[in-house]
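To start, the structure under review is shown below, and the notes come after it.
The values are calculated or read from the model by the stated rules, or taken from the named source; none is laboratory data. Not measured: the values here are computed from a predicted model. For neighbour counting, all protein chains shown are included, and Cβ atoms are generated from backbone atoms with ideal geometry for every residue, glycine included.
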Amino acid sequence: MTTTDERAVRAEHDREAALATLAVVRRKRLSRRLVVTIGLVVVAVAACLAALSVGDLTVSPLQVLLTLTGGGDDVSRLVLLEFRLPRLAVDLSVGVAFGLAGAMFQSVLRNPLASPDIIGVSQGASVGAVAVLLVAGVSGPLVPVGALVGAAAVAGLNLALAWRGGVSGYRFVLCGIALAFVASSILNYFLTRTDSRAAQGALTWIAGSTISATYADFWPVLVVVVVLLPAVLWLDRRLGLLEMGDQTAEALGVSALRTRLVAVLCGVVLAAVATAAAGPVAFVALISGPVARRLAGDGHPALPQAALVGMSLMALADLAAQYVLPDAQVPVGIVTGIIGGPYLVWLLATGSRRRSA
């Protein structure tokens, strides 16, 4: 055998060994993702049972299951189907939407601070929704439309301000924070121009609340999530490749521009409909993506897992919001703010130490 043949054989052996190693790593990654997904589903189901069981009238988990499958007594059906289930449905759908939106923005901009409630998208959606509700005096299906217009306007303006032959995540976040303050000022102006009763209701909604949630709030979010589900699955792998660098992604057949555009559009729509349904609930979008990514352990966006984290977080936070005070309910956004505030401080502190190191 000649030297050239030996080199060819050695190269082929090295290639086969590399492919075998890659296959092992991929199997381990998929196995971990599967275990994490099953665990998150169990947590979400437990949170749902707790939300439906606990209250002034305690309903056992068995009675909950009987009622949801068409059985149960009249009192259980009234309490669960008319009061607790609509609120839980909004919690779950909003949690999924915020979780996905946050994970998408954070992946596209490669910045853990790039969530809708930090970069002004949720505030823009709030301005649009409040403008429809209080200024135009219209409710119903036009509220999500107004929220979408407001969110898209802020996202577009943010992109225009941050563009310098391209968009860096750091510059986009800074511009978004500034636009969030502007949107909040406009929101406060709207509140001063309306009567006190309407303003009080709007303030509760702005804090992020599902206290008066109904199925009418749930259906638009569900429809949007279901319609965008194919895009979410399409993005899950491509965003992970995009984080390896545009050149690497392009070499593997992933269009960087198209992937970013689809992710931003999906994130804006999801954040808008979630805000229209429950208000700008703080920090759900910020927390869900990093938690899912850490649990998955492979450094990829983990969009389905982020949706499950957001769902569980909203359900548990709203359950706490109902019983944190003995004689009153608080908006769920206050509870998520208490949870997310320390996380944001930790994120900023670790980011500062990393840059100074």
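Restricting attention to the range 61-85, the residues that are surrounded by 14 or more Cβ atoms within 10 Å (Cβ to Cβ) and β-branched (Val, Ile, Thr) total 3.
Looking at this structure, is Ser93 touching a residue at least 40 places away in the same chain (Cβ under 8 Å) and among the polar types (S, T, N, Q)? When the stated conditions are applied, Ser93 passes them. Would you confirm, using the coordinates I've provided, whether Arg110 is more than 14 Å from the chain's Cα centre (by Cα), within 30 Å of Leu174 (Cα to Cα), of a type in the set (Lys, Arg) and surrounded by fewer than 20 Cβ atoms within 10 Å (Cβ to Cβ)? So Arg110 passes the test. The number of residues in the range 106-163 being touching a Gly at 6+ places or on another chain (Cβ under 7 Å) and among the β-branched types (Val, Ile, Thr) comes to 6. For the range 281-291, the count of residues that are under 23 Å from Ser122 (Cβ atoms), surrounded by fewer than 22 Cβ atoms within 10 Å (Cβ to Cβ) and of a type outside the set (A, V, I, L, M, F, W, C) is nonzero. Taking first residues from the range 235-260 that are part of a helix (DSSP H, G or I) and partners that are basic (Lys, Arg) and loosely packed, with under 12 Cβ neighbours inside 10 Å, the Cβ contacts under 9 Å between residues at least 6 apart in sequence or on separate chains come to Arg238/Arg258. Among the numbered conditions (1) touching a residue at least 24 places away in the same chain (Cβ under 8 Å); (2) of a type outside the set (D, E, K, R); (3) surrounded by 24 or more Cβ atoms within 10 Å (Cβ to Cβ); (4) over 16 Å from Ser122 (Cβ atoms), the only one that His300 does not meet is (3). Residues that are free of Cβ contacts under 8 Å to residues at least 12 places away in the same chain, closer than 18 Å to Leu88 by Cβ and not small (Gly, Ala, Ser) are absent from the range 193-205. Taking each residue of the range 312-340 that is surrounded by fewer than 16 Cβ atoms within 10 Å (Cβ to Cβ) and looking for partners that are polar (S, T, N, Q) and assigned to a helix (DSSP H, G or I) with beta-carbon atoms closer than 6 Å, six or more apart or interchain, yields Gln329/Gln322.
Close Cβ contacts (under 8 Å, 6 or more residues apart or on different chains) running from residues in the range 97-120 that are over 24 Å from Pro230 (Cα atoms) to residues that are among the small types (Gly, Ala, Ser) and not in a helix (DSSP H, G or I) comprise Asp117/Ala282.
Can you tell which of Leu228, Leu222, Leu134, Leu148 is over 19 Å from the mean Cα position of the chain (by Cα) and of a type outside the set (Asp, Glu)? Only one candidate qualifies: Leu134. Does Gly201 fit the bill of being under 20 Å from the mean Cα position of the chain (by Cα) and either closer than 25 Å to Val138 by Cβ or buried (at least 21 other Cβ atoms within 10 Å of the Cβ) (or both)? Criteria not met by Gly201. Among the helices (runs of 4 or more DSSP H) confined wholly to the range 1-104, which include 2 or more residues that are modelled with pLDDT of 90 or more? Passing ranges, in order: 3-53, 61-68.
Screening Phe218 with (1) more than 18 Å from Leu142 (Cβ to Cβ); (2) buried (at least 20 other Cβ atoms within 10 Å of the Cβ) gives one miss only, at (1).
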